[in-house]
Amino acid sequence: MLAPHAVGLATTSLAAPAVAAAADLLAARSQMAITLGFHIVLACLGVAFPALMLIAEWRGRRGHDPDALLLAQRWSKVVAVTFAVGAVSGTVLSFEMGLLWPGLIGRFGSAFGIPFALEGIAFFLEAIFVAIYLYGWRRLGWRAHLLSGVPIALAGLVGTFSVVTANAWMNEPAGFTLGADGQVTSVQPLGVLFNDATGYEVVHMFLAAYMVTGFLVASVYAVSLLRGHRDHYTRLGFALAFSVAVIATPLQIAVGDVAARAVRDQQPAKFAAMELISVTGSHQPETIGGVLANGRVVGGVAIPDVASLLSGFSPDTVIAGLNAVPPDQRPPADVVHLAWNAMVGIGTLLLIPAVWFVLAWWRRRELPSSAWFLRLAGVAGLAAVVAMEAGWVVTEVGRQPWLVYGLLRTSDAVTHAPGIVVSLVLTTALYLVLGATTVVVISGMARRWQRGSVADGDVPYGPREAAAR
Amino acid sequence: MNAPDVVAVVLWAGLTLYAVLGGADFGGGFWDLIAGGDERGRRPRGLIDHAIGPVWEANHTWLIFDLVILWTAFPLAFASVMSTLFVPLTLAAFGIVLRGSGFAFRRVVGRVAGQRLFGAIFAVSSIVTPFFLGACLGAIASGRVPVGNAAGEMWASWLTPTSLVTGALAVVGSAYLAAVFLVADARRRGDAELEAYFRRRALAAGLITGAMALVGIAVLHADAAYLYEGLTSRGLPLVLLSVACGALTLLLLARGSAQRARVLAAGAVAAVVVGWGVAQHPYLLPTTLTIASGAAPAGTLTALIAVTIAAVALIGPSLGLLFVLDQRSRLEAEGEGFLGMSEAPPPGR
């Protein structure tokens with residue numbers, strides 16, 4: 001089969017744009033959404049779970065707490081699995097940069113790629129020290145072992161910075177100059193790395209990683225506590241993970257507020273979509289739920305003046321509406337708005353169990369004893385994941401129709417290879433199976449631990465036999 | 001040497017390391033697949049699992065490193081390759097997902113049926129992945145990837161004699177490397193039986209790889225003129241070096257010198273990869289895009305060179321530490337269950 005389009009990547013849309021079939025564009029966007037939406041959860045775990053594991057080991061070693069040490073060991077086994085799945089799903093994303101978006105890399109790779117080069121180093125160090133930590137439990141001295149975990153947490157920080165600053169660059173492209181033909185003619189690497197969206201996006205995502213991991217891990221122990229396993233081991237597992245989330249949550253709300261204001265100034269159309277504002281003006285209501293139909297809000301609850309109040313501390317604050325940009329530059333407002341509601345709503349609700357936990361600890365140095373607290377904490381894990389995914393939808397869908405804000409449309413960046421729909425179907429099937437298997441495998445490990453089985457690895461394929469010789 | 005050439009050297013260095021280190025891990029999957037039933041395959045699989053376990057993620061990272069360097073330093077080449085070779089690269093990506101997750105899952109599932117399933121997934125995808133990656137290199141090397149967004153042929157660009165040979169060569173070359181490495185691993189463990197087991201396989205795989213390489217040269221002569229011309233002129237010393245290393249490896253193996261055989265086997269593979277780079281110089285995409293004309297602006301290249309220096313300074317010692325600990329058996333399972341952890345917490349030292 002012949003590829004129908006042989007348009008040079010270097011040419012801008014001025015030269016007879018060969019627009020890929022709408023179905024292929026939608027398929028490419030869906031595939032990116034599914035693979036990235038999958039990987040982002042594992043990326044969160046990859047950034048924050050090692051830190052949790054180190055905290056547990058530190059407590060186990062310094063506080064001579066065998067339960068903390070056992071938690072650290074078991075968490076490291078889970079990290080081994082999530083890190084492997086994260087490594088391969090992350091590799092898929094780097095393939096997709098070219099498989100799906102050759103127009104992005106072909107034109108802007110020389111600027112957009114720089115953060116990823118940094119990420120390459122961070123991920124490399126992560127892979128090396130994860131291996132040393134995981135395999136070093138028995139035959140490294142404990143100080144050396146604990147120390148081998150520190151680079152993992154640091155690399156997670158650098159990795160978050162690199163990847164998120166690349167996303168920030170798509171929102172606030174900087175650090176390069178374009179020639180008359182639209183090509184990148186010079187690049188200033190520091191300008192790319194520290195663009196105007198870097199600060200708030202990086203901190204927001206970093207905290208999200210700690211929230212997701214903390215709430216998710218704690219939710220497992222919350223369910224276990226609800227089922228009557230009220231031993232020291234389970235309570236400690238809950239408290240360690242939940243504390244991390246409790247610290248991150250209020251910080252995240254504050255950072256989110258800063259981020260929203262920045263988006264209002266940098267991408268008015270995205271902000272208008274978030275707040276479901278169709279016409280520029282003052283006294284904008286805060287709309288919760290609802291969709292736009294012919295420029296009017298249908299459904300949902302509108303709280304008068306609150307969007308203007310929150311945005312500029314006065315009901316007279318003027319906020320730009322979707323009408324501030326031409327129709328072909330507006331993002332799909334409903335999706336962005338509902339995702340924004342979900343993120344802010346869940347993020348705020350997560351404060352409830354967090355405050356409850358702090359109060360109980362402050363008063364009695366104990367976990368809240370109420371079953372309702374545990375139920376809330378049990379739900380908080382998945383809720384935090386939903387909030388994080390929703391936030392990602394806000395920033396990505398809210399930037400549409402642009403891939404690089406103001407410079408490159410998503411439709412101009414997509415591959416001209418035909419049959420992306422086939423790739424989407426196969427990829428979706430693969431990821432459904434992969435996701436389900438990951439959950440089943442990890443919960444199988446947990447069940448075996450609960451039964452007190454020590455027989456891991458004593459199996460025909462396992463390393464035991466060879467090693468014992 | 002100018003900046004684009006420096007970055008191209010970095011790119012090729014990463015590719016060479018991936019071919020040797022990542023290749024050996026893929027080859028482990030090959031031997032895992034044909035190790036036989038549960039009982040018969042138990043011990044070779046145990047050794048393979050042990051050898052790959054601590055290092056495969058680090059080794060895999062060379063691929064990511066190279067993709068990133070390629071798309072940043074040579075964006076047009078990356079976009080052209082990825083869009084024209086959409087089919088084999090998608091299949092390679094699927095293979096990478098299945099290989100890594102299958103390997104990780106096999107180590108932690110409790111039931112034998114699950115271990116068989118994940119083991120098979122790991123092993124089959126360890127063959128599929130290098131094949132498609134090798135086929136892509138064949139397509140690039142034989143000049144079938146023109147500049148542009150999916151400007152080349154979707155199928156005919158890689159369903160060619162060259163791609164089939166380079167894909168097959170990647171598979172058998174990986175198997176050969178892995179077998180030689182496993183001989184040394186078995187010896188380190190003092191397991192004479194497994195040492196002999198993998199020595200036989202290393203010799204066979206070495207001979208097959210050599211024969212396949214000869215076929216490859218004949219195919220290149222007919223199908224990839226520019227590359228053939230390069231390999232038989234400026235690339236010739238490296239081709240001969242590879243042949244010498246390969247022959248010497250077999251000789252050393254037959255005489256029972258496992259450690260030196262390991263180095264020479266790696267040398268044989270590395271010389272081919274470097275030789276390919278030398279043969280297609282100055283082109284990134286023979287014969288349509290040169291290194292110089294495809295390179296990013298100077299600021300980007302400077303940043304990448306700085307990143308490379310940082311990588312050498314940071315990753316070099318770290319990787320050295322990993323390999324030294326691994327070779328000194330400090331990263332060991334010791335028959336204590338998965339990842340070497342007994343469930344009882346180790347005593348604080």
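The values are calculated or read from the model by the stated rules, or taken from the named source; none is laboratory data. Keep in mind that what you see is a predicted model, and the values were worked out from it rather than measured. Here the Cβ positions follow ideal geometry from the backbone for every residue, glycine too, while neighbour counts run over all protein chains shown.
Some points to look at:
- Checked against (1) aliphatic (A, V, I, L, M); (2) more than 9 Å from every other protein chain (Cβ to nearest Cβ); (3) assigned to a helix (DSSP H, G or I), B:Leu67 passes all but condition (2).
- Enumeration of residues in the range A:132-156 that are facing chain B (nearest Cβ under 7 Å), outside any loop (DSSP other than H, G, I, E, B) and surrounded by fewer than 24 Cβ atoms within 10 Å (Cβ to Cβ): A:Trp142
- With respect to the conditions (1) surrounded by 24 or more Cβ atoms within 10 Å (Cβ to Cβ); (2) in a loop (DSSP other than H, G, I, E, B); (3) at the interface with another protein chain (Cβ under 7 Å from one of its Cβ atoms), B:Trp158 lacks only one, and its number is (3).
- Selection within the range B:230-256 - touching a residue at least 40 places away in the same chain (Cβ under 8 Å) and part of a helix (DSSP H, G or I): B:Gly230, B:Leu231, B:Leu238, B:Gly246, B:Thr249, B:Leu250, B:Leu253, B:Ala254
- Residue within the range A:117-124 that is more than 9 Å from chain B (Cβ to nearest Cβ), under 20 Å from the mean Cα position of the chain (by Cα) and either part of a helix (DSSP H, G or I) or of a type in the set (S, T, N, Q) (or both) present: yes
- Residue selection: A:Asp196 fails the criterion of being at pLDDT below 95, assigned to a loop (DSSP other than H, G, I, E, B) and more than 27 Å from B:Arg107 (Cα to Cα).
- Some residue of the range A:242-261 being in a helix (DSSP H, G or I), at pLDDT 95 or above and in contact with a Lys or Arg (Cβ under 9 Å, 6 or more places away or on another chain): no
- Among the residues of the range B:115-154, those identified as at the interface with another protein chain (Cβ under 8 Å from one of its Cβ atoms) and part of a helix (DSSP H, G or I) are B:Gln115, B:Arg116, B:Gly119.
- All positions within the range B:51-71 that are farther than 23 Å from B:Ala268 by Cα and under 18 Å from the mean Cα position of the chain (by Cα): B:Gly53, B:Pro54, B:Glu57, B:Ile64, B:Leu67, B:Val68, B:Ile69, B:Leu70
- Among the residues of the range B:281-309, the one identified as in a strand (DSSP E or B), more than 14 Å from chain A (Cβ to nearest Cβ) and touching a Ser or Thr at 6+ places or on another chain (Cβ under 8 Å) is B:Tyr283.
- Residues being within 8 Å of another protein chain (Cβ to nearest Cβ), surrounded by fewer than 21 Cβ atoms within 10 Å (Cβ to Cβ) and assigned to a helix (DSSP H, G or I) - total across the range B:98-113: 1
- Taken over the range B:140-155, residues that are surrounded by 22 or more Cβ atoms within 10 Å (Cβ to Cβ), closer than 15 Å to B:Ala77 by Cβ and touching a Pro at 6+ places or on another chain (Cβ under 8 Å) amount to 5.
- Residue that is within 14 Å of chain A (Cβ to nearest Cβ), in contact (Cβ under 8 Å) with a residue 24 or more places away in the chain, assigned to a helix (DSSP H, G or I) and among the aliphatic types (A, V, I, L, M), where the choices are B:Leu203, B:Leu207, B:Leu194, B:Leu164: B:Leu194
- Selected residue [buried (at least 18 other Cβ atoms within 10 Å of the Cβ), small (Gly, Ala, Ser) and at pLDDT 95 or above] from A:Ala384, A:Ala467, A:Ala436: A:Ala384
- Residue match in the range A:176-193 (condition: surrounded by fewer than 21 Cβ atoms within 10 Å (Cβ to Cβ), away from chain B (no Cβ under 11 Å), in contact (Cβ under 8 Å) with a residue 60 or more places away in the chain and under 28 Å from A:Val393 (Cβ atoms)): no
- Scan the range B:310-334 for residues that are small (Gly, Ala, Ser) and more than 7 Å from chain A (Cβ to nearest Cβ) and the total you get is 4.
- Residue tally, condition at the interface with chain B (Cβ under 7 Å from one of its Cβ atoms), touching a residue at least 40 places away in the same chain (Cβ under 8 Å) and farther than 18 Å from A:Ser30 by Cα, over the range A:84-102: 2
- Residues of the range A:320-357 that turn out to be surrounded by 21 or more Cβ atoms within 10 Å (Cβ to Cβ), of a type in the set (A, V, I, L, M, F, W, C) and under 23 Å from A:Gln400 (Cβ atoms), as a count: 7
- Of note, A:Ala342 satisfies the criterion of being under 19 Å from A:Ala260 (Cβ atoms) and part of a helix (DSSP H, G or I).
- Test: residue in the range B:168-186 that is of a type in the set (A, V, I, L, M) and within 13 Å of chain A (Cβ to nearest Cβ): yes
- Residues of the range B:277-313 that are hydrophobic (A, V, I, L, M, F, W, C) and under 22 Å from the mean Cα position of the chain (by Cα): B:Val278, B:Ala279, B:Leu284, B:Leu285, B:Ala311, B:Val312.
- Number of the exception - B:Val278 against (1) outside any helix (DSSP H, G or I); (2) surrounded by fewer than 22 Cβ atoms within 10 Å (Cβ to Cβ); (3) modelled with pLDDT of 95 or more: (1)
- Criterion: at pLDDT below 95, part of a helix (DSSP H, G or I) and more than 30 Å from B:Ser80 (Cβ to Cβ) - qualifying residue of B:Leu331, B:Leu322, B:Leu264: B:Leu322
- Considering residues of the range A:428-449 that are of a type in the set (A, V, I, L, M) and more than 7 Å from chain B (Cβ to nearest Cβ) only, the residue nearest to A:His229 (Cα to Cα): A:Ala446
- Among the conditions (1) surrounded by 24 or more Cβ atoms within 10 Å (Cβ to Cβ); (2) out of contact with any Pro (no Cβ under 6 Å at 6 or more places or on another chain); (3) at the interface with chain B (Cβ under 7 Å from one of its Cβ atoms), A:Gly106 misses just one, which is (2).
- Those residues of the range A:283-307 which are more than 20 Å from A:Gly345 (Cβ to Cβ) and either in contact with a strand residue (DSSP E or B) (Cβ under 8 Å, 6 or more places away or on another chain) or not polar (S, T, N, Q) (or both), in sequence order: A:His283, A:Ala293, A:Gly295, A:Arg296
- Those residues of the range B:18-62 which are part of a helix (DSSP H, G or I), within 11 Å of another protein chain (Cβ to nearest Cβ) and among the hydrophobic types (A, V, I, L, M, F, W, C), in sequence order: B:Leu47, B:Ile48, B:Ala51, B:Ile52, B:Trp56, B:Ala58, B:Trp62
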